[in-house]
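Read the structure below first, then the notes.
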Amino acid sequence: MLDINLIRNNPEIVRSDLEKRGDKEKLLWIDEILELDREWRKLKSKTDELRHRRNKVALEIGILKKEGKDASEKIKEAAEIPKEIEKLEEEMKSKREKIDYYLKRLPNILHESVPVGEENVPVKFVGEKPEFDFELKSHIDLVESLNIGDFERAAKISGSRFFFLKGKLTVLDLALQYYAMEFMLRRGYKPIYPPYMMNRKAYEGVTDLRDFEDVMYKIEDEDLYLIATSEHPLTAMYMNEILNPDDLPIKYCGISACFRKEAGTHGRETKGLFRVHQFNKIEQIVICEPEESWKYHEELLKNAMDLFESLKLHFRVVNICTGDIGTVAAKKYDIEVWMPVQREYREVVSCSNCTDYQARRLNIKYRTKEGNKFVHTLNSTCIATTRALVAILENFQTPDGSITVPEVLRKYTGFKKIEKEK
RNA sequence: GCCGGGGUUGCCGAGACUGGAAAGGCGCGAGCCUGGAGAGCUCGUUCUCGAAAGAGAUCAAGGGUUCAAAUCCCUUCCCCGGCGCCA
């Protein structure tokens, strides 16, 4: 959420940001917000005046009664005021609701380095594109031929985009999680398990409202939603708190399953592990003072890059453009791993600096000499196991159809190779 | 799920029965004092509107009663204790 004061005092900043995004609809909102805000403030000073009078009279009644004098005149006067207040309050409420509607939907102010347009800009390439002298199998074919997973039966009981992992592939998934957790632990990030469900109020603080409908699974008859990523509970956990600056930065390594509806992607990649309704993810979270957030944004990216480099996967980093960035992040990097079967770079990591956008919605502040200020929140994938598994299966396959386990994971799997299982 | 006790400002904590200006302490900040430090004293320490003076809001959340609610009534959430159920 944006600061209403920013729109009041520097509407041109907000306008030029929306122009950069090419969002003509929301551009029109600014004047409307300013007008509603003017009206709201007028009503506020009127109602405050009425309240002031009511409070004064009520106090006088108290004094008269204490002295044993007749207060019926004053009581009659005071009884009239609440009706007037109520009328004005209704008007104020409707203005406020309209302002909030717009405010909640206005996107964050972008960092100046965000590329304008529909093209993400590659900023870094790591490793070499691998060459293969045999015919490659897709990860789906590999899973099925090695009997290390089952898509058909998962579809039978749960629907498409669900999966069973079996045997050594299950072990590999857990090995990735443990390896990533330990990797982050060594870099000073505290491992943490969040609740897998969260209520609506907390959810609205962390996510884009349109995503909310397309992505979230709702629990029937409960005010609860399955988390789409541990970023959400781990950021929302400090809702309505004022943090001690000595406790900052907070660095977490979230470990959880993630649940996503993937509405609006019918027909695209309905089978396999790439786009699924449920997967495991190790996430990086930083909550820090505003002055430090750009430093930590680079740190989060570095952590994820180092991890993928240690797995010996070839990837590139892209700076996400205005057309793709969404409403919450001020700047976002993706890591895209080379998938040799599709001959494409595909997203495996998303690394965002949300600046004070989530903090303002969630009301998370920290104490400073100049008063309480909003913190900055950042998040990045460390590893989402299913997409990493796709990359590993396709990049580490051998001519005989087996899979070589990446060196760094062997200590956790206890085996070097995945061959056809019974 | 049932019974009982709770939720007050950054933290602790009084006020509730009997409605009438959110006590006191700690922490933090500014100032006075000091050769310096400490102690002591004074002021400040949430949000909103306002150029300011000032005003309003705020006692878990929401509603009700009342001229007036932290205080009385209702609903919901959360915490603690006991009982029940349970991997």
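The values are calculated or read from the model by the stated rules, or taken from the named source; none is laboratory data. Model, not experiment: these values are computed from the prediction. A quick note on method: Cβ atoms are made from the backbone with ideal geometry, for glycine too, and the neighbour counts reach across all protein chains shown.
Summary table
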item	result
Residue within segment A:244-263 that is in contact with a Ser or Thr (Cβ under 8 Å, 6 or more places away or on another chain), surrounded by 14 or more Cβ atoms within 10 Å (Cβ to Cβ), outside any helix (DSSP H, G or I) and among the small types (Gly, Ala, Ser) present	yes
So A:Glu299, is it touching a helix residue (DSSP H, G or I) at 6+ places or on another chain (Cβ under 8 Å) and of a type in the set (Asp, Glu)	no
Residue count for segment A:312-321, restricted to those that are surrounded by 21 or more Cβ atoms within 10 Å (Cβ to Cβ) and outside any strand (DSSP E or B)	2
Identity of the residue in segment A:352-399, assigned to a strand (DSSP E or B) and small (Gly, Ala, Ser), that ends up farthest from RNA strand B (Cβ to nearest atom)	A:Ser380
Segment A:37-51 residues that are aliphatic (A, V, I, L, M), paired with ones that are near RNA strand B (Cβ under 8 Å from one of its atoms) (beta carbon under 7 Å, 6 or more apart)	A:Leu50/A:Ile81
Test: A:Lys422 is closer than 20 Å to A:Val143 by Cα and either basic (Lys, Arg) or within 24 Å of the chain's Cα centre (by Cα) (or both)	yes
Residue within segment A:165-187 that is basic (Lys, Arg), under 15 Å from A:Gln278 (Cα atoms) and either touching a residue at least 12 places away in the same chain (Cβ under 8 Å) or assigned to a helix (DSSP H, G or I) (or both) present	no
Residues (in a loop (DSSP other than H, G, I, E, B) and among the charged types (D, E, K, R)) located in segment A:400-422	A:Asp400, A:Lys416, A:Glu419, A:Lys420, A:Glu421, A:Lys422
Pair list, Cβ < 6 Å and 6+ apart or interchain, from segment A:236-254 residues that are of a type in the set (D, E, K, R) to residues that are outside any helix (DSSP H, G or I) and away from RNA strand B (no atom under 14 Å from the Cβ)	A:Lys251/A:Gly188; A:Lys251/A:Tyr189; A:Lys251/A:Val286
Flag for A:Leu176 being out of contact with any helix residue (DSSP H, G or I) (no Cβ under 6 Å at 6 or more places or on another chain) and crowded, with 20+ Cβ neighbours inside 10 Å	no
Filter result (under 30 Å from A:Lys417 (Cα atoms), surrounded by 12 or more Cβ atoms within 10 Å (Cβ to Cβ) and among the charged types (D, E, K, R)) within segment A:106-144	A:Lys137, A:Asp141, A:Glu144
Filtered residues of segment A:211-241 (kept if closer than 19 Å to A:Asp100 by Cβ, over 13 Å from the mean Cα position of the chain (by Cα) and not acidic (Asp, Glu))	A:Met239, A:Asn240
Some residue of segment A:243-262 being within 18 Å of A:Phe374 (Cβ to Cβ) and among the acidic types (Asp, Glu)	yes
Of the criteria (1) within 12 Å of the chain's Cα centre (by Cα); (2) buried (at least 19 other Cβ atoms within 10 Å of the Cβ), which one A:Asp208 fails	(2)
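Residues checked against (1) assigned to a strand (DSSP E or B); (2) among the β-branched types (Val, Ile, Thr):
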position	(1), (2)
A:Val286	yes, yes
A:Glu292	no, no
A:Asn303	no, no
A:Asp324	no, no
A:Trp338	yes, no
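Each row is one residue, and each column tells you yes or no for (1) within 19 Å of A:Asp214 (Cβ to Cβ); (2) in contact with a Lys or Arg (Cβ under 9 Å, 6 or more places away or on another chain); (3) in the same structural domain as A:Ala155 (by TED's automatic domain parsing).
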| site | (1), (2), (3) |
| --- | --- |
| A:Leu224 | yes, yes, yes |
| A:His232 | yes, no, yes |
| A:Ile242 | no, yes, yes |
| A:Arg275 | yes, yes, yes |
| A:Ile285 | no, yes, yes |
| A:Cys288 | no, yes, yes |
